[in-house]
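The values are calculated or read from the model by the stated rules, or taken from the named source; none is laboratory data. In this text, all values refer to a predicted model and were calculated from it rather than measured experimentally. Note: ideal-geometry Cβ built from the backbone for every residue, glycine included; neighbour counts use all protein chains shown.
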Amino acid sequence: MGIEEIFANLPEVTKPIRRLSLKEKLIWTLVVLVFYFILSLLPLYGLSPQYSAQFETLSILLAASFGSIITLGIGPIVTGSIMLQLLVGADIIKIDTQTSEGRKKYQGLQKFFSIFFIVFENAAYVISGALPPATSGPFFVTLLIIQLIIGGLVLMLLDEVSSKWGIGSGISLFIAGGVSRSMFVGALSPAISPINRMPIGALPRIIAEISIGNSAGALFPFMSIIATIIVFLMAIYFSGVQINIPLSFGRVRGFGIKWPIKWFYTSVMPVILTSALMASLQFWSVMVFRWTEHKTTWFAGLMKSVFGEFTRQATADGGYTLRPISGVANLIQHPTIPQIMELGLSSGALLSILFYASFMIIGSVLFAVLWLNVGKSSPSDVADQILSSGLGIPGFRRDKRILEKILARYIIPLTVLGGFTIGILATVADVLGALSRGTGILLAVMVLYQFYENIQKSHMEEMSPMVRKVMG
């Protein structure tokens, strides 16, 4: 069987045979989102109730729901896509994506890689003990793996449905949906926290605190709501800030376009990469703690002092989570302002906030600069795109060196400022105790803004004059 036959037999969602209206796309998008939420609520049959729920940051970035059949979320799909891009970029796999045949082969390989990593990562996750079965033995281990693989494959197909029939990428939709759900739960959930015996949701807690005469206690959840609104509005504002560079066609006089360079030039990638780095440090801190927990050697003590020690806290679903109490892990797990107001400010809490803020802001700036070349968006890359389109800046020769120098005046400063701004917004949201992680709120805003731009670009003519005026 040839590689083309293998690709032909892979599961695939067919494209619509006609142009879909905005209403139809919105319906399909809603259907995909509902199915995603259903998958996130389906618990793994045979999973031990004593599993450890960890890595909240990664779960937001990967649209994952720990303990469900999409425990790894979009992680395997994204990993497969990144691996293929690296192999193609390094010319290990040679594909000409400029041709229709090459694009078809690339899409087939992308799906093959996604399926491979769905199987591999879910199997590795269960076998490593991260998701322990309720009863030991190969049967329940295999059962958990099969459920996770099914969840991953369904998620992959839902991504295709959203991309072909909806208003945008399914992966982006799942991330926005997961963040929105966490914000909804954080705002409205009446479930009782096992820690303080108060509702988890901000609004129910405000009502509960006021009903018992504790108006000071109602201030903390109120601050969370205000912090979320402020960060959300600031992210929307900066998403729309851009500099337009006028361009003209060399052979067509009097006709030109504007090339936008956004304030968030590298989008939300800097804060994603910084958060992922923090999550990796948290992951290795947990691994080191598990390895050194019952050891008394000098080396084990050194590892504990550097990476940190943890204490176990019960969760509402019967499991437990590890909370850091020292080391690097504790510095990353910063307290929020409401927690400080409730428990008091200590030197350790202040150090943790300063470390977290510095790490997030500096990391976002560094990753923003790094992403210029990795994401093919450097002044040189943009100059190539402009020149290959037959465009140029009025009043200047169509020379790459001149164009690159002009673009660098805008792209480099906006890259640094954008990384700095997005790092501050994420830090403010996290430290003020917003309803979701700062990274998650920024991701949701970016995704929703992309959907808004897609609708504005493709379906403005279908809208009523009033809606068209609102959409800009």
Residues satisfying the stated conditions in region 297-312, i.e. free of Cβ contacts under 8 Å to residues at least 12 places away in the same chain, closer than 17 Å to residue 324 by Cβ and not in a helix (DSSP H, G or I): 312
Condition broken by residue 422, with the remaining ones in (1) more than 30 Å from residue 220 (Cα to Cα); (2) in contact with a Leu (Cβ under 8 Å, 6 or more places away or on another chain); (3) not small (Gly, Ala, Ser) satisfied: (1)
Which numbered condition residue 313 misses (of (1) at pLDDT below 75; (2) surrounded by 20 or more Cβ atoms within 10 Å (Cβ to Cβ)): (2)
Verdict on residue 30 being of a type in the set (A, V, I, L, M) and either at pLDDT 85 or above or loosely packed, with under 12 Cβ neighbours inside 10 Å (or both): yes
Residue pairs meeting the criteria (Cβ under 6 Å; at least 6 apart or on separate chains; first under 14 Å from residue 170 (Cβ atoms), in region 69-90; second in a loop (DSSP other than H, G, I, E, B) and small (Gly, Ala, Ser)): 73/63; 73/64; 74/63
Whichever residue in region 40-56 is on the phi < 0 side of the Ramachandran plot, modelled with pLDDT of 80 or more and part of a loop (DSSP other than H, G, I, E, B) and, among such residues, is surrounded by the most Cβ atoms within 10 Å (Cβ to Cβ): 44
Considering residues of region 381-394 that are surrounded by fewer than 18 Cβ atoms within 10 Å (Cβ to Cβ) and among the small types (Gly, Ala, Ser) only, the residue farthest from residue 85 (Cα to Cα): 390
Residue match in region 430-443 (condition: farther than 16 Å from residue 237 by Cα, of a type in the set (D, E, K, R), in contact (Cβ under 8 Å) with a residue 12 or more places away in the chain and assigned to a helix (DSSP H, G or I)): yes
Only listed residue being modelled with pLDDT under 75 and in contact with a Gly (Cβ under 9 Å, 6 or more places away or on another chain), chosen from 395, 390: 390
Matching residues, region 192-215, being in a helix (DSSP H, G or I) and closer than 28 Å to residue 311 by Cα: 202, 205
Unique match (being polar (S, T, N, Q) and under 28 Å from residue 15 (Cα atoms)) among 128, 136, 163: 163
